[in-house]
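One structure is given here, and the rest of the page talks about it.
The values are calculated or read from the model by the stated rules, or taken from the named source; none is laboratory data. Nothing here was measured: the structure is a model prediction, and the numbers come from that model. Note: ideal-geometry Cβ built from the backbone for every residue, glycine included; neighbour counts use all protein chains shown. When the accessible area is computed, the model is the full protein with side chains, heavy atoms only, and any ligands, DNA or RNA have been set aside. Shrake-Rupley method; radii C 1.70, N 1.55, O 1.52, S 1.80 Å.
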Amino acid sequence: MDPTARVLRLLSLLQTYRHWNGDELAARLDVSARTLRRDIERLRELGYPVDTTRGAHGGYRLSSGAQLPPLLLDDDEAVAIAVGLRTAADGAVTGIEETSVRALAKLLQVLPGRLRRRVDAVGAAMLPAAPGYRDTVDADVLVTIAQACRGSEQLRFHYTANDGASTSRLVEPHRLVSRRRRWYFVAWDVDRGAWRTFRADRVSRPFANGVRVPPRELPAENAATFVDASLRSRPQAHQVVVRITGSTEQVPRWLGELTDNGDGTSDLRASADHLTHLAIGLVMLPADARLIDPPPELVAELHALGARITRLTTTPVPT
């Protein structure tokens with residue numbers, strides 16, 4: 001067996017069980033004890049922490065280390081991880097959406113086509129975590145954007161604006177950001193010569209053209225603050241100011257921008273494209289929140305939402 005293939009086989013065996021007897025491991029690999037020790041040392045040089053136990057029941061075990069070395073996965077394990085990452089990227093677990101997309105992009109880049117088809121089949125059979133609450137983005141679109149960001153590679157795509165107009169764009173993507181139950185990404189627009197924020201759900205047919213470019217300096221602390229500033233500058237379909245007394249820790253940050261009034265109160269400038277989304281977000285606020293001059297259509301939506309909640313809790317179905 002080729003030495004490299006043998007070391008990979010050794011690593012796969014060590015990842016299978018907690019502890020291996022030295023003689024049994026050597027027999028599995030059909031090598032001498034001396035060759036086995038040499039291969040163990042090669043793994044250690046590559047960053048895999050292999051512990052040696054001595055005595056009558058001595059052998060080897062793969063332990064946890066200071067850094068994460070590459071992992072060997074079988075087909076079922078790779079599919080399970082990919083499906084889990086797609087679920088997390090859809091917002092099933094708050095706070096790890098962006099990390100999940102980056103990890104998914106790395107995994108799908110090396111996943112064989114037959115396993116990608118299995119991942120797609122499982123994903124198609126799954127329902128989204130919150131139907132109608134997050135604008136749907138194709139996982140392949142997110143992965144393509146994430147890979148272009150990681151590789152500093154130019155990206156071409158078709159983009160649909162608020163007014164429905166479709167344009168062809170050439171950008172240098174910087175970073176994906178999850179905000180307000182949507183995916184955005186920050187990029188340098190080559191044709192317009194300026195930084196732009198794009199909604200990923202409005203992107204279609206993205207492809208990286210193979211042109212690698214040096215990273216540009218973003219005119220903001222990070223991509224998240226750039227997206228936040230961009231969203232605040234865009235008029236939303238529905239807006240309202242909320243006066244909050246006391247702590248604001250429970251305020252959903254996707255709702256809008258908070259301003260401390262310096263007197264124990266804060267004003268939240270909440271906004272959303274969908275009236276129902278705004279109403280649901282306001283219901284999630286602390287009890288000591290009050291609307292300031294709310295528009296009539298928002299008041300009506302809140303009353304309708306309250307009526308639905310009341311019906312759910314006061315008119316149980318007879319058993």
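When H57, H19 are screened for being at pLDDT below 80 and surrounded by 12 or more Cβ atoms within 10 Å (Cβ to Cβ), only H19 passes. Each residue in the stretch 202-241 was checked for being in contact (Cβ under 8 Å) with a residue 60 or more places away in the chain and aliphatic (A, V, I, L, M), and 3 of them qualify. Just a yes or no: is a residue in the stretch 285-297 open to solvent by less than 60 Å² (accessible area, probe 1.4 Å), in a helix (DSSP H, G or I) and at pLDDT 85 or above? No, the stretch 285-297 contains no residue that is open to solvent by less than 60 Å² (accessible area, probe 1.4 Å), in a helix (DSSP H, G or I) and at pLDDT 85 or above. The condition of being in contact (Cβ under 8 Å) with a residue 12 or more places away in the chain, of a type outside the set (A, V, I, L, M, F, W, C) and open to solvent by less than 20 Å² (accessible area, probe 1.4 Å) holds for only one of S247, S266, that being S266. Condition first: charged (D, E, K, R) and open to solvent by 50 Å² or more (accessible area, probe 1.4 Å). Now tell me which residues in the stretch 159-197 satisfy that. Matches in the stretch 159-197: D163, R175, R179, R181, D191, R192, R196. Taking the criterion of being open to solvent by less than 20 Å² (accessible area, probe 1.4 Å) and under 14 Å from S100 (Cα atoms), the residues of the stretch 142-158 that qualify are L142, V143, I145, A146. Scanning the stretch 250-263 for residues being loosely packed, with under 14 Cβ neighbours inside 10 Å and within 26 Å of A187 (Cβ to Cβ) gives a total of 1.
Screening V240 against (1) closer than 19 Å to I309 by Cβ; (2) surrounded by 19 or more Cβ atoms within 10 Å (Cβ to Cβ) leaves a single unmet condition, (1).
If you take just the strands (runs of 3 or more DSSP E) that sit entirely in the stretch 175-279, which of them hold at least 3 residues that are more than 29 Å from A88 (Cα to Cα)? Write out each step before concluding.
Working: elements: 182-189, 194-199, 203-212, 238-245, 256-260, 265-272.
It comes to 238-245, 265-272.
The set of residues from the stretch 198-209 being open to solvent by less than 50 Å² (accessible area, probe 1.4 Å) and of a type outside the set (D, E, K, R) comprises F198, A200, V203, S204, P206, A208. Being without any contact (Cβ under 8 Å) to a residue 24 or more places away in the chain and at positive phi is a property that G306 lacks.
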